1. Considering only residues that are in contact with a helix residue (DSSP H, G or I) (Cβ under 9 Å, 6 or more places away or on another chain) and not in a loop (DSSP other than H, G, I, E, B), look in the stretch 9-19 and name the one that is surrounded by the most Cβ atoms within 10 Å (Cβ to Cβ).
2. Take the stretch 15-56 and flag every residue that is under 13 Å from the mean Cα position of the chain (by Cα) and under 23 Å from ASN4 (Cβ atoms).
3. Among the residues of the stretch 30-56 satisfying the criterion of being in contact with a helix residue (DSSP H, G or I) (Cβ under 7 Å, 6 or more places away or on another chain) and part of a helix (DSSP H, G or I), which is nearest to ALA10 (Cα to Cα)?
4. Among the residues of the stretch 57-108, which ones are in a loop (DSSP other than H, G, I, E, B) and either over 20 Å from the mean Cα position of the chain (by Cα) or loosely packed, with under 13 Cβ neighbours inside 10 Å (or both)?
Amino acid sequence: MNLNEYQEAALTTAVYPEDKRIIYPALGMCGEAGEVADKVKKVIRDNNQSFDTARKIEIAKEVGDVLWYCATMAHDLGFTLESIAQMNISKLQSRKERGMIGGSGDNR
C-alpha cells in the first residue's frame with residue numbers, strides 16, 4: 001500500500017463535521033501524538049525502559065492513529081499524503097545540502 005492508497009482508505013472512515021475540516025484532524029493529531037508519548041513514558045516509568053514486542057505494537061497502533069489524522073488533514077488542506085511527504089523530503093534535503101539540518105526556524 002502506498003501513502004495515497006492509505007489516504008483513500010482512511011478517508012472512508014473519516015466521519016466528522018464538514019464545518020470542522022482542518023480543525024478536527026489537527027486536534028485529533030495532537031491527542032494521538034500525546035497518546036504515543038504517554039505509552040513511551042509508561043515504558044520508561046513502569047517497564048525499566050524495555051520496549052518489548054507487545055509494547056512496540058501498542059505504540060505502533062497509536063502511531064497509526066496519528067497517521068490517520070495526517071491523512072485526513074492533508075485531504076482537508078487539498079493535498080495528497082504522498083505530495084506532503086515529498087514536500088517534506090524536499091525541504092529536509094535542501095536543509096541538509098545547505099548544512100541547515102540543525103538549528104531552529106521554519107525557513108532555514
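Each reported figure results from applying straightforward, stated rules to the coordinates on display, with no laboratory input. Every value quoted in this text rests on a predicted model; they were computed, and no experiment measured them. Positions of Cβ are backbone-derived with ideal geometry, glycine not excepted, and every protein chain shown enters the neighbour counts.
1. ALA10
2. Answer for the stretch 15-56, where residues must be under 13 Å from the mean Cα position of the chain (by Cα) and under 23 Å from ASN4 (Cβ atoms): PRO25, ALA26, GLY28, MET29, GLU32, ALA33.
3. GLU32
4. If the condition is that a residue be in a loop (DSSP other than H, G, I, E, B) and either over 20 Å from the mean Cα position of the chain (by Cα) or loosely packed, with under 13 Cβ neighbours inside 10 Å (or both), then GLY78, ARG98, GLY99, MET100, ILE101, GLY102, GLY103, SER104, GLY105, ASP106, ASN107, ARG108 are the ones that fit.
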